[in-house]
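Comments concern the structure below.
The values are calculated or read from the model by the stated rules, or taken from the named source; none is laboratory data. Note that the structure is predicted; figures quoted are calculated from it, not measured. So basically every Cβ, Gly included, is an ideal-geometry build from the backbone, and we count neighbours across all protein chains shown.
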Amino acid sequence: MKLRILAVGRARAGPEAALIAEYQKRLHWPLAIEEVEEKRPLSVAELKAREGALLQAAIDRGAPKGGGRPVLVALDERGKILGSRDFAARLKAWEEQGAPEILFLLGGADGLSLINTIKSIIGVDLNHLTPLPRVGVKGTNGGYCGPAVKPIALHMVAALARNPGVKIPISGIGGISNWRDAAEFIALGSTSVQVCTAVMHHGFRIVEDMIEGLSNFLDEQGMKSVNELRGRAVNAFTEWGELDLNYKVIAKINADTCIGCQKCYTACLDGAHQCIHTAAGPCRAWHGEPDHGQNARLEASPAVLHQPDVFGAKPGVRVPVVDEAECIGCNLCALVCPVDGCITMEEVSAGAPAQTWNDRMKAAE
């Protein structure tokens, strides 16, 4: 007796492939695996019909030429679940009945769900020098989840949603904590969303809050159904080379809410374009002609004690000032500012037509 697996899709390298190889070695009977795949961007109904035709063709090609009738097993999540001993007994019974071949069919996926938790080590117990969580004298990785993984999940969902070969539903998972998170996943192509960490923190009532918030948002947008929101942001997701180089935003500091902590000045000086100036003491920001950091700055600028000048900085006042001509809108200052809304990024005209990096490279050829 032979065993044959006909599967829609491709088994990729990883833990699953290693398990398949291991079980092949353990099996008493020879095992053949045949994979079929339809790569054309068909509708869901067309795709399922095509996958069925591919499986049928594979069945016909491999039909035993001798006597006996093969056993056909269609694997489905609604089918009966057998333990290892019962499964082995079933195979043995089929062999004793004279079956020349057992043929297992694995259909294509009904949908895709992503992402799961991300393997991570949350820290190290420095007293015992073991990874955390520590179990006795050893530790191992855990699964990282919650709001921190949301940007990763959004990117992966959007990457699938814009792939013309993906026609089946996508269920978005990863850091969904409120209705806005759910709306973002749906706008990037999710057919449904799943929530776990937020429920652990707030209970199942958080789902009711999400439904209410999402419903109110749809009403405000004049959308009659969540289907009108689904995928609306996918077409705007592009690659870096297709972004407009002449799109310009600059930082604006609200002097009325600024607490004078100078975090934005320090961050811009040491980690960005040195375009935020201070009059609270010696200022080492860039005082030359604006070059948007394209020329190498190999050493710190000489300190300047600001008098009222073109930047509008007033001596002794701790509110920093942005050199708007030098600012490239990197957003670092707004990210480090401890006061919500104190630093905003405002769109300004660059005085030039839209041009992408790819456009620029073609023009230079």
Scope the range 330-353; condition hydrophobic (A, V, I, L, M, F, W, C) and over 28 Å from the mean Cα position of the chain (by Cα); matching residues: VAL339, CYS342, VAL348, ALA350, ALA352
Members of the range 254-295 found to be out of contact with any Ser or Thr (no Cβ under 8 Å at 6 or more places or on another chain) and assigned to a helix (DSSP H, G or I), listed by number: LYS263, CYS264, THR266, ALA267, CYS268, LEU269, ASP270, GLY271
Members of the range 111-162 found to be within 9 Å of GLY174 (Cβ to Cβ) and among the charged types (D, E, K, R), listed by number: LYS150
Filtered residues of the range 12-38 (kept if under 32 Å from the mean Cα position of the chain (by Cα), in a loop (DSSP other than H, G, I, E, B) and loosely packed, with under 14 Cβ neighbours inside 10 Å): ARG12, ALA13, GLY14, GLU37
Tally, over the range 129-182, of residues that are in a loop (DSSP other than H, G, I, E, B), of a type outside the set (S, T, N, Q) and surrounded by fewer than 19 Cβ atoms within 10 Å (Cβ to Cβ): 12
In the range 305-332, residue surrounded by the most Cβ atoms within 10 Å (Cβ to Cβ) [restricted to those that are at pLDDT below 85 and among the β-branched types (Val, Ile, Thr)]: VAL317
Of all residues making up the range 350-365, the number that are surrounded by fewer than 13 Cβ atoms within 10 Å (Cβ to Cβ), at pLDDT 90 or above and assigned to a loop (DSSP other than H, G, I, E, B): 2
Test for ASP125: is it among the charged types (D, E, K, R) and under 27 Å from the mean Cα position of the chain (by Cα): no
Criterion: among the β-branched types (Val, Ile, Thr) and under 18 Å from LEU3 (Cβ atoms) - qualifying residue of VAL124, VAL71: VAL71
Residues of the range 39-62 that turn out to be outside any helix (DSSP H, G or I) and surrounded by 12 or more Cβ atoms within 10 Å (Cβ to Cβ), as a count: 3
